[in-house]
Every structure is written in C-alpha cells, then in structure tokens.
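> For reference, the structure I am asking about is given below.
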Amino acid sequence: QVQLVESGGGLVQPGGSLRLSCAASGNIFGFNGMGWYRQSPGKQRELVAIILSSGDTDYADSVKGRFAISRDNAKNTVYLQMNFLNPEDTAVYYCNVYRARPYVNAWGKGTLVTVSS
C-alpha cells in the first residue's frame, strides 16, 4: 500500500517562496506520474504540476514560470518549489502518485499553504 506524506506548507507573504515535499512509502516502482494538486475553499481540486516517469513535466498555466516540480528517486520524494507566491495560491496542496499497472492512485492528506501579508 502506498502512503504519501506532504510537508512544507505554511504562511508566507506575497512574493515569497515555499518548498513542498511529498515522501512516498510503499512500492511506487514504475509509477506513471507524480503530481501536486491544490484545492481552495469553494473550488474544485486542480492540477498544479506533474512529473512523469520520463522526467517530463507539465504545469497549470497559472503557475508556469513560478513553480517547479522535481523528484528524488532514491528518496521516493517529489518536491514543489513555489516562488513569487500570491494570495491566489492559497490552498491545501495534495500529492498524488499514479501507476496504471499494478494500479495505484494514492493521495496524501494535504498541506496548507497560506499567502497573506
């Protein structure tokens, strides 16, 4: 069973930076994608960034140029470096790991990011 634990959230001023981490335990060998999603009050969960097994990445338009996703395979950890944060980035950020075979679609419990002065 795959378990994900996010960390690194907190309160930051507009223009500031945070780095989120997601540590995975269990067998994620051969994963297809690892991603970060976020959900703000009253809004649907949305994809922020994803990194594929190939190393290719993709980002939501709203975070392109500001956020960067990376992974450390040896540590089974995926990171989200967030720069130039603004209040619209305030949300609970969730980590996700997906693998088609054997099927895995695991979610962490989330970490809160608040951008406010």
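The values are calculated or read from the model by the stated rules, or taken from the named source; none is laboratory data. Note that the structure is predicted; figures quoted are calculated from it, not measured. Note that each Cβ is placed from the backbone with ideal geometry, even for glycine, and that neighbours are counted across all protein chains shown. Just the protein is used for accessible areas: all its heavy atoms, side chains included, with ligands, DNA and RNA removed. Shrake-Rupley method; radii C 1.70, N 1.55, O 1.52, S 1.80 Å.
> Of all DSSP beta bridges in the chain, what percent run antiparallel (nearest 5)?
Close to 95 percent.
> Using the Karplus curve 6.51 cos²θ - 1.76 cosθ + 1.60 with θ = phi - 60°, work out ³J(HN,Hα) for each residue of the range 24-39 in order, rounded to whole Hz, and write x for Gly and Pro.
Calculated HN-Hα couplings, in order: 9, 10, x, 8, 10, 4, x, 4, 8, x, 10, x, 10, 10, 9, 9 Hz.
> Take the Cα of Asn73, step 7 Å along the line toward its Cβ, and report every residue of the range 2-29 whose backbone nitrogen sits under 14 Å from that point.
Backbone N within reach: 28-29.
> Calculate what fraction, in whole %, of the accessible area of the range 1-77 sits on carbon and sulfur atoms when a 1.4 Å probe is rolled over the protein chains.
Ligands and nucleic acids excluded, carbon and sulfur give 47 percent.
> Spelling out what I want: for every residue of the range 6-22, take phi, set θ = phi - 60°, compute 6.51 cos²θ - 1.76 cosθ + 1.60 (Karplus), and round to whole Hz; glycine and proline get x.
So the Karplus estimates, Gly and Pro as x, are 8, 8, x, x, x, 9, 9, 7, x, x, x, 10, 9, 10, 8, 10, 9 Hz.
> Hey, another quick one. Any idea which of Phe67, Gly26, Gln81 is furthest toward the positive side of the dipole for the range 1-93, if Lys and Arg beta-carbons carry +1 and Asp and Glu beta-carbons -1?
About the Cα centre, the residue reaching furthest to the positive side is Gly26.
> Among the lysines, which have Cα under 28 Å from the Cα of Lys43 when same-chain residues fewer than 8 positions away are ignored?
Lys64, Lys109
> Please report, in debye to the nearest 20, how large the charge dipole of the chain is about its Cα centre when each Lys and Arg carries +1 at its beta carbon and each Asp and Glu carries -1 there.
The calculated dipole for the chain is roughly 240 debye.
> Could you do me a favour and compute the accessible area per residue for the range 1-112, 1.4 Å probe, result in Å²?
56
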